[in-house]
Amino acid sequence: MQRCTTPTPHTTTRLRRHSAAMATALTLGLGLLAAVPAQAQTATFAPVQGQVRAFPPQALRGTLVVSSTSEATVDGKQLLLAPAFKLYNPQNATIRPGTVQGQELNVNYVIEKASGRLHAAWILNSAEAQLKRDRADNSFWSSLFR
C-alpha cells in the first residue's frame with residue numbers, strides 16, 4: 001500500500017474551508033459572550049454577619065429545635081421536615097439539620113401549604129433577630145400557608 005506524503009489539492013482546500021468556518025464560529029461565539037452581561041458579577045449575596053437577608057414574605061419567626069433528621073419542633077409544635085428541607089446558617093450556606101440537633105435556634109421558617117411540613121428555615125444573625133416579624137400564631141400569612 002502506497003501512502004501519499006504530500007497533501008493533495010482536494011485535502012488542502014477542505015482544510016482551508018474547515019479552518020475558515022471554525023474561525024468564523026469562534027469569532028461569533030466570542031462576540032456573543034462579550035454582548036451578554038456577566039451574571040456572576042451582578043449577583044448579590046448577604047453572607048456576612050450583620051447584614052439582613054431577604055426572606056420570603058410568608059416566612060414566620062420562631063424557635064426551632066431539630067429533634068431528628070425527619071422531625072423538628074417549632075415553638076413547641078412538632079412538625080415533620082419536608083424531603084427537600086433546607087436549613088441555612090447565618091452566612092446563608094445550607095447546613096445539615098443533624099449538625100444542630102437539640103439546639104434552640106432563632107429562625108425564620110416556611111411551611112409547605114400542601115403537606116404542612118417544614119420546607120426551609122434560616123438561622124438568624126443578631127441584626128436579623130432584632131427586626132420584627134410575625135409569629136405563626138398571629139399572622140395573616142399563617143392562614144394562607146398552613
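Being within 13 Å of Leu64 (Cβ to Cβ) and assigned to a strand (DSSP E or B) is the filter here; which residues of the range 81-94 pass it? Explain how you work it out, then say what you get.
Restricting attention to the range 81-94, the residues satisfying the condition of being within 13 Å of Leu64 (Cβ to Cβ) are 81, 85-89.
Within the range 81-94, Leu81, Phe85, Lys86, Leu87, Tyr88 meet the criteria.
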Seminar exercise, completed: Note on His119: of the conditions (1) of a type outside the set (Gly, Ala, Ser); (2) within 13 Å of Leu60 (Cα to Cα); (3) in a helix (DSSP H, G or I), unmet is (3)
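A short reminder: the numbers here are calculations on the coordinates, not readings from a lab. Quick caveat: nothing in here was measured; it's all calculated off a predicted structure. So basically every Cβ, Gly included, is an ideal-geometry build from the backbone, and we count neighbours across all protein chains shown.
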